[in-house]
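One structure is given here, and the rest of the page talks about it.
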Amino acid sequence: MLALSHYNSSASPFLPRLANDSGGTVEVSVAVEGLSQQGNFTFVEPTTSGIIAVVLSMTLGIISNIVALFILVNAYSLQRRRSKATFLLFATSLVITDFIGHAIPGALVLRLYLSGGVSPEDFDSSDGMCQFLGGSMVFFGLCPLFMGCAMAAERCLGVTKPLLHSSLVTKTRTKICLAVIWLLALCVALLPCLQLGSYTYQDPGTWCFINVLSDTEEVDVVFVVLFSGLGLTSLAVALVCNTISGLTLVLARLRRQPGCHHSAKSHDIEMVVQLVGIMVSSCICWSPLLIFGLMSVIHSYTGTIGDNLLNYKTLMVMGVRLAAWNQILDPWVYILLRRTVLRKIYLIAKCQAGLRGTILGRWEPTSFPSSEKNEVNQV
């Protein structure tokens, strides 16, 4: 999907064809000038450097997901604590979903990019590949949001009600939850097959998504409201759950009495920090597309989009660019926000600030069962 970044967001990749159709360059100049007055159109032909940038972006995403997957699988195989194993099972499933969601839609978009895209007059004619690409974007968009929400809810229960968590959350139920998430996202993505919504090519003709800008009907509005509503609700629930988990851990540290050994362990801190990273990445990457989609379909259906059509096309392209980055950023949450990295950050912060007697000083070395325990004592 990152291939979109190499087209101007409001340009058509087929302007050069005007020269052949009109029989001269005067008509081309007039057409380009007229378009420029409406939306500052500038045509940028696909170049070798652009294709290389697209390939590098896809390669970065694939490598990042593979590295994160290796780290999570290795940690899962060594983990004996059930709550941590449950979290790692969720996280591994999320990375696998991100990996597939980055490779398949990205390859299809790259193929469209290399072939020159689809002409604007064919935007409304949705072929099999457009249906598959649009469905993939909806499916692989909802799955990470649902999983992030489920992970946040699971950790919130584990931090606030550990006894209830231990009795309710099992590996079998976690796998069932993952299956339900995938099935729910698949059902939403397949709604256009039941004539409940539609997928169409989007400007500049190199990607497909829900019809939000042209000839929108009631079913299109309902489909977009369902998609965006589910996504935004998942983000909101994750925000609430992560906030509760974080505050609970902080209060547990502040209320800890000397000699008390019931303080939050480092694995709880690690999981909550990673969940916060996932939530922030998802909010930044997916919120624009979810909100822009709602805005576009409402204004298009009510007929109030008017001269703002070009602006909404630009917003949709910007939204899908950001959404594509979520599948690249998510793996780095697990790569960078691991316990070993957090421990190093803690040691550096404690050495620099000299916070032995402050709140950070309440983090006991016993919370970090590792070979660096002696180093923490020396500090």
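The values are calculated or read from the model by the stated rules, or taken from the named source; none is laboratory data. Note that the coordinates shown come from a computational prediction; the quantities given were computed from them, not determined experimentally. Positions of Cβ are generated from backbone atoms using ideal geometry, with glycine treated the same way; all protein chains shown enter the neighbour counts.
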Requested in this report: Could you please let me know if C187 is assigned by TED's automatic domain parsing to the domain that holds N311, of a type outside the set (S, T, Y), at pLDDT 85 or above and touching a Cys at 6+ places or on another chain (Cβ under 8 Å)?
Outcome: no
Query raised in the report: Across the stretch 201-251, which residue is nearest to L310 (Cα to Cα) among those that are among the β-branched types (V, I, T) and crowded, with 23+ Cβ neighbours inside 10 Å?
Result: V212
Query raised in the report: Conditions: (1) modelled with pLDDT under 85; (2) more than 15 Å from G158 (Cβ to Cβ); (3) charged (D, E, K, R); (4) in a helix (DSSP H, G or I). D215 meets all but one. Number of the miss?
Result: (4)
Requested in this report: Starting from residues that are of a type in the set (S, T, N, Q) and farther than 26 Å from L232 by Cβ, keep the ones in the stretch 95-125 and report whichever is modelled with the lowest pLDDT.
Outcome: S125
Query raised in the report: Does A152 satisfy the condition of being under 20 Å from Q274 (Cα atoms), in contact (Cβ under 8 Å) with a residue 12 or more places away in the chain and in contact with a Ser or Thr (Cβ under 8 Å, 6 or more places away or on another chain)?
Result: yes
Requested in this report: Confirm whether L249 is modelled with pLDDT of 90 or more, over 30 Å from K313 (Cβ atoms) and assigned by TED's automatic domain parsing to the domain that holds L72.
Outcome: no
